[in-house]
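Step one of this worksheet: look at the structure below.
The values are calculated or read from the model by the stated rules, or taken from the named source; none is laboratory data. None of the values given here were measured: they were computed from a predicted structure. For neighbour counting, all protein chains shown are included, and Cβ atoms are generated from backbone atoms with ideal geometry for every residue, glycine included. In case anyone asks, the SASA skips ligands and DNA or RNA and just uses the protein heavy atoms, side chains included. Shrake-Rupley method; radii C 1.70, N 1.55, O 1.52, S 1.80 Å.
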Amino acid sequence: VAQGKFEEAYQVISKSSSLPAVCGRVCPQESQCEGLCVRGIKGEPVAIGRLERFVADWHNAHWQAPAKPESNGHKVAVVGSGPAGLTCAGDLAKLGYEVTIFEALHLAGGVLVYGIPEFRLPKSIVQKEIDGLIALGVKVETNMVIGRSITINELIEEYGFEAVFVGSGAGLPKF
């Protein structure tokens with residue numbers, strides 16, 4: 001970032017953070033990364049959250065659809081489109097898996113859309129992350145309650161999915 005290589009910085013962050021535009025906004029960096037930063041002993045800690053948010057926003061402003069990876073011939077179903085489901089789908093798609101996300105509600109994003117207020121995490125940021133997954137070849141099926149609309153056994157036996165990742169979330173908040 002200091003060298004002005006913002007896309008390269010984004011690629012570095014993306015190796016360990018699947019949703020940098022989201023994490024740069026909602027993760028508690030002050031008590032985690034920044035709170036333990038050794039630079040804070042003699043001054044200000046590295047503002048990693050703000051840097052992550054900046055490079056993710058820069059990347060999104062200059063976004064180009066990623067190249068779709070070559071298929072490895074394997075199909076995986078992902079149940080739930082919250083942070084876990086989106087991360088799983090993205091990681092698998094980058095490895096060439098044919099991934100379909102099944103979301104019970106009418107919008108993909110899970111808690112990122114339904115649980116975090118707009119001022120903290122704009123819905124357009126979440127949609128940009130989902131658009132990136134779609135560009136990688138991930139299919140998103142909304143209004144699909146797995147267990148009611150389709151069972152896990154049907155996903156495997158009738159739809160040909162070889163594995164199912166269940167990231168259904170907590171359902172209800174605990175305060």
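The long axis of helix 48-61 is offset from the longest Cα principal axis of the chain by roughly 60 degrees. If you fit an axis through the alpha-carbon atoms of helix 6-16 and take the longest principal axis of the Cα set of the chain, what angle between them do you get, 0 to 90°, nearest 10? With rounding to tens, the tilt is 60 degrees. Among the trypsin sites (Lys or Arg not before Pro) within region 4-64, those in coil by DSSP and having at most 15 neighbouring Cβ atoms inside 10 Å are 5, 42. Simple rule: put +1 on each Lys or Arg Cβ and -1 on each Asp or Glu Cβ in region 63-172, find the dipole, and look at 83, 72, 165; the Cα lying farthest toward the positive end is 83. Helical content of the chain, expressed as a calculated mean residue ellipticity at 222 nm, amounts to -11000 deg cm²/dmol (DSSP H runs of 4 or more residues, -39,500 (n - 2.57) each, divided by residue number, nearest 500).
Using only alpha-carbon positions in region 122-168, the gyration tensor eigenvalues give semi-axes of 25, 13, 9 Å once each is multiplied by 5 and square-rooted (largest first). Each label was represented as a point 7 Å from its Cα along the Cα-to-Cβ direction; for residue 74 and residue 62 these points are 3.4 nm apart.
Restricting attention to the chain, the count of lysine pairs at 8 or more positions apart or across chains with alpha carbons under 26 Å apart stands at 23.
Taking Cβ atoms as reference points and 15 Å as the exclusive limit, the residues near residue 28 contribute a net charge of +1, counting Lys and Arg as +1 and Asp and Glu as -1. Within the shell defined by Cβ-Cβ distances under 13 Å, the residues around residue 159 carry a net charge of -4, with Lys and Arg each +1 and Asp and Glu each -1. The relative contact order of region 43-175 comes to 32 percent, based on Cα pairs under 8 Å that sit 6 or more residues apart.
Determine the per residue accessible area of the chain with all protein chains present and a 1.4 angstrom probe, expressed in square angstrom. I get 61 Å² per residue for this part. Compared with the dominant Cα axis of the chain, that is its longest principal axis, helix 83-94 is turned about 80°. Apolar share of the accessible surface for region 1-158: 56 percent from carbon plus sulfur atoms, 1.4 Å probe.
The peptide list 86-98, 61-73, put in order of mean Cβ contacts within 10 Å with the highest first, becomes 86-98, 61-73.
Taking 51, 112 and ordering them by how much accessible surface each has at a 1.4 Å probe, largest first, produces 51, 112. The trypsin sites (Lys or Arg not before Pro) of region 113-175 meeting both criteria, a DSSP state outside H, G, I, E and B (loop) and at most 14 other C-beta atoms within 10 angstrom of the site's C-beta, are 120, 148, 174. Charge dipole of the chain (Cα centre as origin; +1 on each Lys and Arg Cβ, -1 on each Asp and Glu Cβ, all else neutral): 560 debye, rounded to the nearest 20.
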